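Structure, as structure tokens:
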Amino acid sequence: MITDERCSVFIESLSPGMTPFLEELEGKAQESGIPIIRPASRSLLRYLLAENEPESLLEIGTAVGFSAIFMASCSFADIHIDTIENYEKHIKAARANIKAAHMEDRIRLLEGDAEAVLADLADRSAVYDMIFVDAAKAQYPDYLPLCKKLLRRGGVLVSDNVLFDGDIVQSRYAVRRRDRTIHSRMRQYLRLISEDQGLVTTILPIADGMALSVKKE
Ligand SMILES: C[S@@+](CC[C@H](N)C(=O)[O-])C[C@H]1O[C@@H](n2cnc3c(N)ncnc32)[C@H](O)[C@@H]1O
């Protein structure tokens, strides 16, 4: 957590809460150690869905379907979500959860490695109003050119976990050796989205760090 813990707990206490189905799914994911979006990220996504009313959304990193179901259930538009996952165990669980949430007509699970699926979508000229990136952190720079292609002008690219729980500001040698690749790749990603002339980006120190980029060209 980057922000003061008491402050985060206070802000969380003001959030409107979730459906019993999502509460249960959150509990199960936490018990199994499956990382899902944190309350502050949920709140921001909910706000963005209300502000932008996207009708098409692409998510990279489904896990067990929690964030996709959350976004579909709090969307203010008739949204369709495509969500990408490559881990067989998560795919199976996500399919079951999407079915149990009666969201099969709104959420399509695309199986496979994100980069390959993104390239395939781009080949088919798919376009989305909003893209939510929440997969392998070290791969974010690789996803970027394809995300830009798949995002409509004026669309929003939302990237989660970009501040690495605050460790992004540490020198490379201060982070654990096994985290160094992610650390440098995430720094590279933040530079790319911040310096890209076609994007207007803001980086928010909430949850694990979230970046919002609007496509301007
Ligand atoms: C942080 S979890 C996603 C959590 C989910 N968005 C939520 O909040 O409910 C990241 C997911 O991305 C998946 N993932 C990682 N690398 C991937 C890749 N190259 N292609 C597709 N999925 C990938 C992982 O298997 C994992 O399920």
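The values are calculated or read from the model by the stated rules, or taken from the named source; none is laboratory data. The structure displayed is predicted, hence computed values, not measured ones. All Cβ positions, even for glycine, are placed from backbone atoms using ideal geometry, and neighbour counts span all protein chains on display. We work out accessible area using only protein heavy atoms, side chains counted, and drop any ligands, DNA or RNA first. Shrake-Rupley method; radii C 1.70, N 1.55, O 1.52, S 1.80 Å.
Towards the positive end of the charge dipole of the chain, with charges on Cβ (+1 Lys, Arg; -1 Asp, Glu), say which of PHE70, HIS90, VAL169 has the farthest Cα.
VAL169
Under the definition of Cα pairs under 8 Å and six or more residues apart, what whole-number percent is the relative contact order of region 115-217?
Value for region 115-217: 31 percent.
Could you work out the relative contact order of region 67-115, using alpha carbon pairs under 8 angstrom and six or more residues apart, expressed as a whole percent?
Here the relative contact order equals 50 percent.
So what is Rg over Rh here for region 152-199, counting just Cα atoms and using Kirkwood for Rh?
1.06
Within region 4-59, what whole-number % of the accessible surface is contributed by carbon and sulfur, with the 1.4 Å probe and all protein chains included in the calculation?
52
Classify region 74-128 as rounded, prolate or oblate from the Cα gyration tensor: take a ≥ b ≥ c as the square roots of its eigenvalues, call it rounded if a/c is under 1.5, otherwise prolate when a/b beats b/c and oblate if not.
Oblate is the answer for region 74-128, as a/c is 1.5 or above yet b/c matches or exceeds a/b.
Carbon and sulfur together cover what percent of the accessible area of region 124-217 at a 1.4 Å probe radius?
Roughly 49 percent, rounded to a whole number.
Could you order the peptides 178-184, 148-154 from most to least packed, using the average number of other C-beta atoms within 10 Å per residue?
The most tightly packed comes first, giving 148-154, 178-184.
Picking from ILE60, TYR47, PRO35, whose Cα lies most toward the positive end of the charge dipole for region 1-102 (charges on Cβ: Lys, Arg +1; Asp, Glu -1)?
PRO35
Taking only DSSP H segments of four or more residues, each worth -39500 (n - 2.57), what value at 222 nm results for the chain once the sum is divided by all its residues, to the nearest 500 deg cm²/dmol?
Using -39500 (n - 2.57) per qualifying helix, the result is -13000 deg cm²/dmol.
Return P(r) of region 2-65 (all Cα-Cα pairs; 10 Å bins starting at 0; whole %; ordered from short to long distances).
It works out to 16, 45, 36, 3, in whole percents.
Enter the accessible area per residue of region 142-209 (Å², integer; probe 1.4 Å; all protein chains in place).
Averaged over the residues of region 142-209, the accessible area is 53 Å².
Applying 1/(1 + (r/R0)^6) with R0 = 30 Å to the Cβ-Cβ distance of CYS7 and VAL175, what FRET efficiency is obtained, to the nearest 0.05?
0.75
Take the Cβ-Cβ distance between LYS92 and ARG153 as r, set R0 to 45 Å, and report the resulting FRET efficiency rounded to the nearest 0.05.
It comes to 0.75.
Give me log10 I(q)/I(0) at q = 0.23 Å⁻¹ for region 115-214, Debye formula, one equal scatterer per alpha-carbon, no solvent.
-1.22
Averaged per residue, what accessible surface does region 1-72 expose to a 1.4 Å probe, in Å²?
Ligands and nucleic acids excluded, the result is 53 Å² per residue.
Work out the length of the dipole vector of the chain about its Cα centre, built from +1 on the beta-carbon of each Lys and Arg and -1 on the beta-carbon of each Asp and Glu, and round it to the nearest 20 debye.
620
Where the Cα atoms of the chain are projected onto their three principal axes, how long is each span, largest first, in whole Å?
47, 44, 34
Greater than 31 Å separation of Cα atoms is the criterion. Which listed pairs, LYS99/LYS215; LYS89/LYS137; LYS137/LYS215; LYS92/LYS137, meet it?
LYS99/LYS215
What full-extension length gain, to one decimal in nm, is calculated for SER15 and ASP78 as 0.36 nm per residue of separation minus the Cα-Cα distance?
20.4 nm
DSSP loop (so not H, G, I, E, B), at most 12 other Cβ within 10 Å: list which GluC sites (Glu not before Pro) in region 82-181 pass both filters.
When the GluC sites (Glu not before Pro) of region 82-181 are filtered for loop state and at most 12 Cβ neighbours within 10 Å, GLU104 remain.
Return the single residue from MET103, MET18, MET130 with maximal mean-square fluctuation; model: Gaussian network over the chain, springs between Cα atoms under 10 Å.
Highest fluctuation among the options: MET18.
Can you give the accessible area of ARG106 in Å² (nearest 10), computed on protein heavy atoms with a 1.4 Å probe?
60
Keeping all protein chains in the complex and leaving out DNA, RNA and ligands, what accessible area do you get for VAL127 with a 1.4 Å probe, in Å² to the nearest 10?
80
What relative contact order, as a whole-number percentage, does the chain give when Cα pairs under 8 Å and 6 or more residues apart are counted?
It rounds to 20 percent for the chain.
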